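Read-outs throughout are calculated quantities, based only on the coordinates presented, and are distinct from any laboratory measurement. Just so you know, these numbers come straight off a predicted model, no measurement behind them. As a convention, Cβ positions derive from the backbone with ideal geometry for all residues, glycine included, and neighbour counts pool all protein chains shown.
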Amino acid sequence: MVRIRFSPDVRCRVGDAIVKRRALLLSLLIVSISVSTLNAQEGTPEWGKPITLFNGRDITGWRFSDPSGARSWKVEEGTLVSPGRGANIMTISKFDDFKLHVEFNCAPKSNSGVYLRGRYADLKWLEVQIETDSEEEPPSHHTGAVYGLLAPSPELPRRSGEWQSFDITLVGRTITVVQNGQTVIDHQEIPGIKGAALDRHEVPGPLYLQGGEDGRVAFRNIVITPAQK
């Protein structure tokens, strides 16, 4: 058996390399833990199972903001339809952080929207806008906007009478809106709302579909994926 003997200098250099390697691995481990901690602090959620909110047959799981206007909504050929100037319809269930897929068809000269966490009445501006009648208004009033707060960029052309889709992710105050497969609001923080702030600790709310404005709008394939608790 041949024994190889290293000089003290060589042994020292080998020892230094091992120490440096261990220090590097420790640094990488610390960075990994820090990133995980930061994600946890920012509330990056684990997503639960998708929930179909509209069954295509009736309004099971929904109620109306004004019961007297309930007859304004109808189920037609698997879609949920409002002819306008009626009640708003909302889910019975409430949600905090979520991903939402919804498909909509907005007739010419019509106006609707999706209200998030039940933000209606005094906090009605937390709405992802749907419209074909607001071309002369500011961009933050156009389809894909968080009404009055965040304008879509890019803004997609109006498509009245055609089926379109939103994929909306809301985590705390941060929102992403994808319209027809294209991101129009990208991970933006929602500004303060008329003296009331959205934060990670507010009470969850229902999902609203607006039926109180002018014109006909139809919805289908309404699926929400809530964050796991």
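Across the stretch 47-55, rounded Karplus estimates of 3J(HN,Hα) from the backbone phi angles (6.51 cos²θ - 1.76 cosθ + 1.60, θ = phi - 60°) give 8, x, 8, x, 10, 7, 8, 10, 8 Hz, Gly and Pro being marked x.
Between ILE51 and VAL203, the modelled labels are 1.7 nm apart [label points 7 Å from Cα along Cα→Cβ]. Only Cα pairs under 8 Å and 6+ residues apart enter the sum, and on that basis the relative contact order of the stretch 51-226 stands at 34 percent.
For HIS101, what is the net charge nearby, where nearby means another residue's Cβ is under 13 Å from its Cβ and Lys, Arg count +1, Asp, Glu -1? Spelling it out: positives minus negatives among the neighbours equals 0.
Counting 0.36 nm for each residue step from ARG71 to ASP167 and taking away their Cα separation leaves a gain of 31.7 nm.
If the segment from SER153 to GLU103 were pulled out straight at 0.36 nm per residue, it would be longer than the present Cα-Cα gap by 16.0 nm.
In plain terms, the chain from THR44 to ARG85 could stretch by 10.9 nm, reckoned as 0.36 nm per residue minus the Cα-Cα distance.
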